[in-house]
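Each remark here refers to the structure printed beneath this line.
The values are calculated or read from the model by the stated rules, or taken from the named source; none is laboratory data. Just so it is clear, the structure is predicted and the values come from calculations on it, not from any experiment. Methodologically, a virtual Cβ is constructed for each residue, glycine included, from the backbone with ideal geometry; neighbour enumeration extends over all protein chains shown.
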Amino acid sequence: MEVIRKVAVILIFAALVTFVSNLADAEHSAKVNINTATVKELVSLKGIGKKKAKSIVKYREEIGSFATIDELKGVKGIGDKIFNKIRDHIAIE
């Protein structure tokens with residue numbers, strides 16, 4: 001009976017670890033909407049600091065919403081290198 005309890009505890013622990021890991025992956029894989037994101041949200045993108053995030057917001061306010069994610073390269077300081085780092089983490093929903 002003791003062995004069954006230990007196995008049950010191990011299985012429950014493994015299931016809990018898997019569940020928490022999946023939640024973390026889902027949160028990390030959520031895309032940032034570059035048409036609505038705040039400076040704080042934009043800074044969460046790799047290679048985007050506060051200055052670039054402010055430039056994105058300013059561009060959006062002056063030019064309007066992005067029609068495609070590729071238009072982000074029109075923002076000063078966002079070139080191919082940075083764009084390629086964040087491409088899979090942004091959206092224009």
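For the stretch 72-88, which residues satisfy the criterion of being part of a helix (DSSP H, G or I) and surrounded by 16 or more Cβ atoms within 10 Å (Cβ to Cβ)? Once the filter is applied, which keeps residues that are part of a helix (DSSP H, G or I) and surrounded by 16 or more Cβ atoms within 10 Å (Cβ to Cβ), the stretch 72-88 yields Leu72, Ile82, Phe83, Ile86. Listed by first and then second residue, the pairs with beta-carbon distance under 6 Å, at least 6 apart or on different chains, first residue in the stretch 33-46 and over 16 Å from Ile63 (Cα atoms), second modelled with pLDDT of 95 or more and part of a loop (DSSP other than H, G, I, E, B), are Leu42/Ile48. Count of the stretch 35-57 residues, restricted to those that are surrounded by 12 or more Cβ atoms within 10 Å (Cβ to Cβ), out of contact with any Ser or Thr (no Cβ under 9 Å at 6 or more places or on another chain) and within 19 Å of Glu93 (Cα to Cα), is 7.
Quick grid of which residues meet (1) modelled with pLDDT of 80 or more; (2) out of contact with any helix residue (DSSP H, G or I) (no Cβ under 6 Å at 6 or more places or on another chain):
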| position | (1), (2) |
| --- | --- |
| Val17 | no, yes |
| Ala30 | yes, yes |
| Val39 | yes, no |
| Ile63 | yes, yes |
